[in-house]
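Remarks on the structure that follows.
The values are calculated or read from the model by the stated rules, or taken from the named source; none is laboratory data. What you are looking at is a predicted structure, and each value in this text was computed from that prediction instead of being measured. Cβ coordinates were reconstructed from backbone atoms using ideal geometry, including for glycine residues, and neighbour counts include every protein chain displayed.
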Amino acid sequence: SGGSTTHTVRAGETLSGIATAYPGVTWQQIAQANRIPAPYTIRPGQRLTIPAQRSAPASREPFPGASFFRVGTDSPIITRMGRRLVEEGCSHYRVGPGPRWSDADRRSYSAWQRKLGFTGADADGIPGRTSWDRLRVPRG
């Protein structure tokens, strides 16, 4: 962590491309910090404030994408996610958590989404980037 830094935009750069150079910071955070409205246009020479990283990014599992979380997925990422859900008081596990994506994982994740204030289809138990990043799943 620490304070913010400044990035000078070079020709051809995009907010998402710039964000990849600053682990732990999303392009949306850069846009918000610099009050850049949609369609998020930046220009060469523009100086952007890069917000401070939220956590030690190397120690966190990056969001693997919603399609990762489906029947048949078997990964230690699922186990580590489940352990974090248990720590957050969102467990619907009878046994486990384990590496295979299950209905207990989905119900537990839905409880986490509701704890964050999501409702309806936004609390369906399928991880999204915002809820995943807030869960802070450790890397293996």
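Below, the figures for the structure above:
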| quantity | calculated |
| --- | --- |
| Qualifying residue in segment 89-97 (condition: modelled with pLDDT under 95, under 15 Å from the mean Cα position of the chain (by Cα) and among the basic types (K, R)) | no |
| Close pairs from segment 90-108: first of a type in the set (V, I, T), partner at pLDDT 95 or above and not in a loop (DSSP other than H, G, I, E, B), Cβ under 9 Å, at least 6 apart | V95/A104 |
| Residue match in segment 53-61 (condition: without any contact (Cβ under 8 Å) to a residue 24 or more places away in the chain and polar (S, T, N, Q)) | no |
| Restricting segment 1-55 to residues that are touching a strand residue (DSSP E or B) at 6+ places or on another chain (Cβ under 7 Å) and in a helix (DSSP H, G or I), the residue that is surrounded by the fewest Cβ atoms within 10 Å (Cβ to Cβ) | A33 |
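To keep it simple, each residue is scored yes or no on (1) surrounded by fewer than 13 Cβ atoms within 10 Å (Cβ to Cβ); (2) closer than 17 Å to G140 by Cα; (3) in the same structural domain as K115 (by TED's automatic domain parsing); (4) of a type in the set (S, T, N, Q).
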{"position": "A66", "(1), (2), (3), (4)": "no, no, yes, no"}
{"position": "F69", "(1), (2), (3), (4)": "no, no, yes, no"}
{"position": "T73", "(1), (2), (3), (4)": "no, yes, yes, yes"}
{"position": "P76", "(1), (2), (3), (4)": "yes, yes, yes, no"}
{"position": "R83", "(1), (2), (3), (4)": "no, yes, yes, no"}
{"position": "C90", "(1), (2), (3), (4)": "no, no, yes, no"}
{"position": "V95", "(1), (2), (3), (4)": "yes, no, yes, no"}
